[in-house]
1. Say we look at region 257-305 and pick out the residues that are of a type in the set (Gly, Ala, Ser) and within 15 Å of the ligand (Cβ to nearest atom); which of these is surrounded by the fewest Cβ atoms within 10 Å (Cβ to Cβ)?
2. Output the qualifying pairs, or none if there are none: Cβ atoms under 8 angstrom, residues six or more apart or on different chains, first residue in region 65-87 and surrounded by fewer than 15 Cβ atoms within 10 Å (Cβ to Cβ), second residue in a helix (DSSP H, G or I).
3. Exactly one condition in (1) in the same structural domain as Pro331 (by TED's automatic domain parsing); (2) surrounded by 18 or more Cβ atoms within 10 Å (Cβ to Cβ); (3) of a type in the set (Val, Ile, Thr) is not met by Thr48; state its number.
4. Which condition breaks for Arg169 when tested against (1) out of contact with any Leu (no Cβ under 9 Å at 6 or more places or on another chain); (2) free of Cβ contacts under 8 Å to residues at least 40 places away in the same chain?
5. For region 52-71, which positions are away from the ligand (no atom under 15 Å from the Cβ) and charged (D, E, K, R)?
6. Which of the residues spanning region 81-102 are away from the ligand (no atom under 15 Å from the Cβ) and assigned to a helix (DSSP H, G or I)?
7. Considering only residues that are more than 8 Å from the ligand (Cβ to nearest atom) and either of a type in the set (D, E, K, R) or surrounded by fewer than 17 Cβ atoms within 10 Å (Cβ to Cβ) (or both), which ones fall in region 306-317?
8. Condition check: of a type outside the set (Ser, Thr, Tyr), modelled with pLDDT of 95 or more and more than 21 Å from the chain's Cα centre (by Cα). Does Asp97 satisfy that?
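The values are calculated or read from the model by the stated rules, or taken from the named source; none is laboratory data. Note that this is a predicted model, so its numbers are computed, not measured. Here the Cβ positions follow ideal geometry from the backbone for every residue, glycine too, while neighbour counts run over all protein chains shown.
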Amino acid sequence: MIVTGRIVRRLPAPYPPHSLRRSPIAHSPNPVHFHHTAMLGRALILKTSAFSPVERMVRKSFLFRGVVRRFIAGESLEEAINVCEGLTAKGFLVTLDYLGENTKSEQEALAARSTYMKMLGCIAASPCGKNANISIKLTQCGLDQGDDVAERNYRQVLTEAETFGSFVRVDMEASAYVQRTLEIIERVWPDHKNTGTVLQSYLYRTPDDVELMIRLQMRTRLVKGAYLEPESVAHKAKAKVDEAYVECGKRLLKDGFYPAIATHDQRIVEILKAYATQEKVDKAKFEFQMLYGIRRDLQESLRSEGYNVRVYVPFGESWYPYFTRRLAERPANIWFILKSFVRG
Ligand code: FDA
């Protein structure tokens, strides 16, 4: 007990203020060198974390608990709804994400569908009401078992959401799923308008997909992209990913339908805020989105400036892949953990 208490006290606070984090780019003597190091660090974290002994250690060791709780609202739906209520009370919008991907059987996909439906009911019954929606994954609806399986489950979730006047966002997964995901969403769109999706600026194809979303007038969340992708499909250089983000963001702000600018990159946030002001895009016509536990200072300042800000709140027992992607995005997070190991 004593040992546990001593080590836990030395773990970082669940939400270190952003001012305590150093921007690695700003402090790097050579940004190009830093970029390659960061990419290597990211790949290394994603590859190492895929080994099951590493996963077992992260899941079991209390040393990771603090940093896990920084990104994950809890394992149960009740814990997640509590977090959503707290955020709603502070004036944020929320989207609830049930963690998990790549179901191994149709039964698993049905179980995920039931959870999605339960989430919709719990949200509707909570004080969050219309301020909350859900984000789902088609590989959790059974995409690996077949497009028809995923589409059937997705349609049922949308029908359920309609009864509550709720909206369902389809997260975008690794590049191998992008075309199939977009085809399914396009097929469903004529029957269900309470849905939208996500586009990733690192993919070369995304500017064309942005035009498709504009033609359909479908709500689109723009992100940089979180998966390890080959150079044949995705920009590798951060500058290119950022440049593509800004261009796609401008297109969506100008001609898209209620787009979501989902990034913690303050420079990009400022560029797109200035663009929206210049083009007289009303603050009510788009929203910013950020992940639970990341850049809360920026979330709060945007909210106080009168922007709609939605927080993406993940929960569930299958938090491991999501958690490792968050670590990989910012390898500095690993140092917190390593330091506590060394001190412990
Ligand atoms: P970038 O990685 O350049 O980070 C900019 C700054 O943000 C950093 O300098 C740091 O200050 C801060 N920051 C970013 N990540 C951090 C972290 N983990 N810990 C601490 N600080 C951090 N991806 C995807 O492929 N499919 C999807 O469906 C979604 N959905 C989604 C929803 C929402 C609401 C968000 C915000 C993001 C996603 N993503 C996603 C993830 C996205 O693709 C991307 O990996 C992350 O948002 C990180 O990229 P940034 O845009 O924040 O920029």
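1. Restricting to residues being of a type in the set (Gly, Ala, Ser) and within 15 Å of the ligand (Cβ to nearest atom), the top hit is Ser301.
2. What qualifies is Arg65/Val8.
3. Here Thr48 meets the rest and fails (2).
4. So the condition that Arg169 fails would be (2).
5. Glu55, Arg56, Arg59, Lys60, Arg65 - these are the residues of region 52-71 that are away from the ligand (no atom under 15 Å from the Cβ) and charged (D, E, K, R).
6. Ile81, Asn82, Glu85, Gly86, Thr88, Ala89
7. Matches in region 306-317: Gly306, Glu317.
8. Answer is no for this residue.
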